[in-house]
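S.K.: Take a look at this one; I'll ask things after.
Rule-based calculations on the coordinates, nothing more; no lab input. As the structure is a computational prediction, the values presented were derived from the model and not from experiment. When we count neighbours, we look across all protein chains shown, and the Cβ atoms used for this are built from the backbone with ideal geometry, even at glycine.
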């Protein structure tokens, strides 16, 4: 099968969407399929086989996102020449529109994956564009015409189904992580202690971890604010924030103002190949974000055997089961309470750790590829039946 994937964010950018697409691409190619990526050009992008890039312009100052300047004629010509069998869009903006328009014009099977709840990201939209940008209206206009949609979680389906065609077929396919690629080698106890020491964490310290974009949509400021009283009261409690983003300078200032520089640790960008070292060095994963669709960082944390503490949100279920491998809380303050409980109860932490790893085994890259491929086959069969009925 020849598949064309359209996405507005791709290498050299690394984020959850790019990681998911790369894992899907690799898995499908292993089964003999040919995958073409249609995306934007950007600084640092290197030529790659079957990656087709379009000129682009930067979108806003607070993000590395680019808006593609796409030639519809070029897209249609490419899909014809490449003998594309199915188009899979992963973005609701320029490249997503390009893939949708071309597929509809050529009567190609078409499917879309919703990765983002855009109502949580309007702070990245330039102020003058907010006059025209209304999330439900903009997303509804895009979703019209899609007969097949992949939602990574029930939360994503709940938001996008009312905006879609009434007869659209939704399939919930959770994200997966390449377990073997993520954990290339187990760390010894000495290596774990060395990793902790490298970031200023001692043998008797308790370390929580957050990983992701350090931006307003992840509510990292609310997380730190909720933990400040606990950190001031328990000097051996620490949290490491792995990632970069527009909120980083403000959060470092907040940390300094509260005298917590030794307890709130900022790493900046960390290459994905090294991420497992930070998970292994930590004892609990925490997040106050309510903007997620189905976060891969929680899957990674579960693979590393970390108990999970998060705000009660459908995006985290069923990976995080309250009282089994972590806690879901109704408030930010509840995160601090549950974190302290886990830090003080080693037996509970060990029990949750084992349960997290067991839960993670249902969220593999292999299972994700298998589910997407099965949906592709269903879409192609349904599309052929529809065309024959015309």
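S.K.: If you take Cα extents along the principal axes in Å from the coordinates, which of (i) 68, 53, 40; (ii) 69, 45, 40; (iii) 65, 45, 36 do you get?
M.R.: From the options (i) 68, 53, 40; (ii) 69, 45, 40; (iii) 65, 45, 36, the structure gives (ii).
S.K.: Would you kindly calculate the mean projected area, averaged across all directions, of the convex hull enclosing the Cα atoms of region 179-360, in square nanometres?
M.R.: The number I arrive at for region 179-360 is 9.2 nm².
S.K.: A further question on this structure: Multiplying the sequence separation of residue 257 and residue 72 by 0.36 nm and subtracting their Cα-Cα distance, what value in nm do you get?
M.R.: 61.4 nm
S.K.: What full-extension length gain, to one decimal in nm, is calculated for residue 11 and residue 29 as 0.36 nm per residue of separation minus the Cα-Cα distance?
M.R.: 4.7 nm
S.K.: Another question, if that's okay. Using a Gaussian network model of the chain with C-alpha springs under 10 Å, which one of 191, 300, 292 is most mobile by mean-square fluctuation?
M.R.: 191
S.K.: Also, quick follow-up: Which value at 222 nm does the chain reach when only helices count, each DSSP H run of 4 or more adding -39,500 (n - 2.57), with the total divided by all residues and rounded to the nearest 500 deg cm²/dmol?
M.R.: Dividing the helical sum by the residues of the chain leaves -13000 deg cm²/dmol.
S.K.: Pairing the Cα long axis of helix 189-198 with the longest principal axis of the chain, what angle in degrees results, from 0 to 90 and rounded to the nearest 10?
M.R.: The angle comes out near 90 degrees.
S.K.: Which log10 I(q)/I(0) values, to two decimals, does region 250-309 give at q = 0.12, 0.18, 0.30 Å⁻¹ under the Debye formula with one point per Cα?
M.R.: So the normalised log intensities work out to -0.37, -0.81, -1.20.
S.K.: Something else about it: Go through 178-190, 258-270, 99-111 and give me the packing order, highest mean Cβ count within 10 Å leading.
M.R.: 99-111, 258-270, 178-190
S.K.: Scale the Cα Rg of region 321-390 by the rule-of-thumb value 2.2 N^0.38 Å and send over the ratio, two decimals.
M.R.: Output field value: 1.92.
S.K.: Here is a further query. Between region 14-60 and region 339-364, how many Å separate their Cα centres?
M.R.: Cα centroid of region 14-60 versus Cα centroid of region 339-364: 35 Å apart.
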